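Q: There's a structure below that I have some questions on.
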Amino acid sequence: MIFVTIGSMFPFDRLIREMDHWAAKTGRNDVFAQIGSGSYLPQNMEYARKLSQTDFSGVMAKAELIVAHAGMGTVITAGQVGNPLVLLPRIQAWGEHTSDHQIATANWLRDKPGIFVADTDADLPSTIASALDYKDDGSVRFSDVADPAFTNQIRTAILDFMK
Amino acid sequence: MAVASGGGHWVQLMRLKPAFEGLDVFYVSLDSTSATDVPECKYYTIRDASRKHKWGFFVAGAQLLRILLKERPRVVITTGSAPALISLILAKYLLRSKTIWIDSIANAEHLSTSGQQAGKFADIWLTQWPQLATQDDTTPKFWGAVL
């Protein structure tokens with residue numbers, strides 16, 4: 001199964017439309033999309049507006065490939081389950097987000113193992129093809145929690161404040 | 001009080017859980033189903049208050065006011081964004097809570113708009129990107145990152 005997700009904040013019809021066309025063209029009938037509050041309704045893939053946190057984690061873990069906006073919720077969850085990820089960043093000028101930080105996110109993640117960035121709609125099919133070819137070693141990219149040095153320093157600060 | 005917007009902000013807050021282990025912590029976010037991530041703790045849902053949902057500011061502000069007056073947290077910690085900034089300001093001036101702002105790791109090139117504002121209100125003001133931190137007080141500090 002391929003899971004398409006655009007996060008929980010804003011719609012991202014451009015990605016949903018492109019993936020719907022991709023599903024039709026490739027004949028993949030196992031594409032599932034979380035479309036949020038978007039107005040484009042897929043014709044060639046199953047979809048939900050929004051999954052619960054538990055269902056979302058379940059689908060992320062089951063997916064052979066995740067195709068998503070360049071949002072950190074998706075990136076971190078995909079890394080924790082260790083599945084390959086294709087990112088298409090949202091563009092502020094097209095009303096897709098309130099800033100262009102997703103382009104910055106896509107740029108620093110670009111060369112990380114298991115992460116594939118499509119800069120434009122036209123790059124999506126070839127990027128997905130590379131991601132599907134990617135031989136994952138099955139290892140997770142991130143553990144479930146941050147570096148203990150970081151959480152310990154925060155904990156110490158909190159305990160100081162509580163004195 | 002640990003507060004964050006939905007999606008990536010919440011996922012980053014969850015990666016900081018070891019910092020709160022054993023402490024009396026409650027959580028605030030936007031999605032009621034996120035409560036399953038913190039089954040052992042009290043969890044409150046508030047409305048979104050992004051720049052695209054202006055009316056949400058008033059609703060979220062009122063909800064946060066109720067939560068803060070009820071729980072009276074000594075410390076408020078957040079990974080963003082706008083509703084979290086409201087929490088931080090209200091808690092600081094209403095309850096004299098200590099406040100910690102950790103700007104989202106998504107902001108690799110510039111601080112978020114809320115993150116920039118947070119500098120005025122946070123007792124501890126952090127970025128997750130070393131290149132956004134300097135030695136003086138005009139920028140946040142860098143202690144590390146959730147990844």
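The values are calculated or read from the model by the stated rules, or taken from the named source; none is laboratory data. Just so we're clear, the structure is a prediction, and the values are computed from it rather than from any experiment. Note that each Cβ is placed from the backbone with ideal geometry, even for glycine, and that neighbours are counted across all protein chains shown.
Q: Look through region B:31-48, keep the residues that are part of a loop (DSSP other than H, G, I, E, B) and within 9 Å of chain A (Cβ to nearest Cβ), and return whichever of them is nearest to residue A:57 (Cα to Cα).
A: My answer is B:31.
Q: Scanning region A:1-26 for residues that are touching a helix residue (DSSP H, G or I) at 6+ places or on another chain (Cβ under 8 Å) and within 14 Å of chain B (Cβ to nearest Cβ), which turns out surrounded by the most Cβ atoms within 10 Å (Cβ to Cβ)?
A: Only one residue fits best here, namely A:5.
Q: Looking at (1) over 18 Å from residue A:109 (Cβ atoms); (2) free of Cβ contacts under 8 Å to residues at least 24 places away in the same chain, find the lone condition where residue B:130 falls short.
A: For residue B:130, the failing item is (1).
One line per residue, one yes/no per condition, for (1) within 10 Å of chain A (Cβ to nearest Cβ); (2) assigned to a loop (DSSP other than H, G, I, E, B); (3) closer than 27 Å to residue A:109 by Cα:
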site: B:58; (1), (2), (3): no, no, no
site: B:62; (1), (2), (3): no, no, no
site: B:65; (1), (2), (3): no, no, no
site: B:77; (1), (2), (3): yes, no, yes
site: B:86; (1), (2), (3): no, no, no
site: B:93; (1), (2), (3): no, no, no
site: B:99; (1), (2), (3): yes, no, no
site: B:107; (1), (2), (3): yes, yes, yes
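Q: Could you tell me which residue of region B:120-142 is nearest to residue B:89 (Cα to Cα), considering only residues that are among the aliphatic types (A, V, I, L, M) and within 14 Å of the chain's Cα centre (by Cα)?
A: B:122
Q: Let me ask another. With facing chain A (nearest Cβ under 7 Å), surrounded by 16 or more Cβ atoms within 10 Å (Cβ to Cβ) and not hydroxyl-bearing (Ser, Thr, Tyr) as the only criterion, which of B:28, B:11 stands out?
A: B:11
Q: Can you name the residue in region A:36-51 that is more than 19 Å from residue A:64 (Cα to Cα) and crowded, with 19+ Cβ neighbours inside 10 Å and is also farthest from the other protein chains (Cβ to nearest Cβ) among such residues?
A: Ranking the candidates gives A:42 first.
Q: Another question, then. Go through region B:92-127 and give me each residue that's over 14 Å from residue A:101 (Cα atoms) and without any contact (Cβ under 8 Å) to a residue 24 or more places away in the chain.
A: Passing the criteria: B:93, B:96, B:116, B:119, B:120.
Matching residues to (1) aliphatic (A, V, I, L, M); (2) farther than 25 Å from residue A:74 by Cβ; (3) more than 10 Å from every other protein chain (Cβ to nearest Cβ):
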| position | (1), (2), (3) |
| --- | --- |
| B:82 | yes, no, no |
| B:115 | no, no, yes |
| B:119 | no, yes, yes |
| B:132 | yes, no, yes |
| B:146 | yes, no, no |
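Q: Check off (1) without any contact (Cβ under 8 Å) to a residue 60 or more places away in the chain; (2) surrounded by fewer than 22 Cβ atoms within 10 Å (Cβ to Cβ) for residue A:62 and give me the number that stays unchecked.
A: Result: residue A:62 passes all but (1).
Q: Examine region B:53-60 for a residue that is over 20 Å from residue B:8 (Cβ atoms), in contact with a helix residue (DSSP H, G or I) (Cβ under 8 Å, 6 or more places away or on another chain) and modelled with pLDDT of 95 or more, and state whether such a residue exists.
A: Within region B:53-60, not a single residue is over 20 Å from residue B:8 (Cβ atoms), in contact with a helix residue (DSSP H, G or I) (Cβ under 8 Å, 6 or more places away or on another chain) and modelled with pLDDT of 95 or more.
Q: Right, here's the next one. Quick test of your reading of the structure: residue A:76 fulfils all but one of (1) more than 10 Å from every other protein chain (Cβ to nearest Cβ); (2) part of a helix (DSSP H, G or I); (3) not polar (S, T, N, Q). Name the failing condition by number.
A: (1)
Q: Which one is farthest from the other protein chains (Cβ to nearest Cβ) among residues in region A:111-145 that are in a loop (DSSP other than H, G, I, E, B) and at pLDDT 95 or above?
A: A:120
Q: Being in contact with a Gly (Cβ under 7 Å, 6 or more places away or on another chain), without any contact (Cβ under 8 Å) to a residue 12 or more places away in the chain, surrounded by fewer than 19 Cβ atoms within 10 Å (Cβ to Cβ) and not in a helix (DSSP H, G or I), is that true of even one residue in region A:146-154?
A: yes
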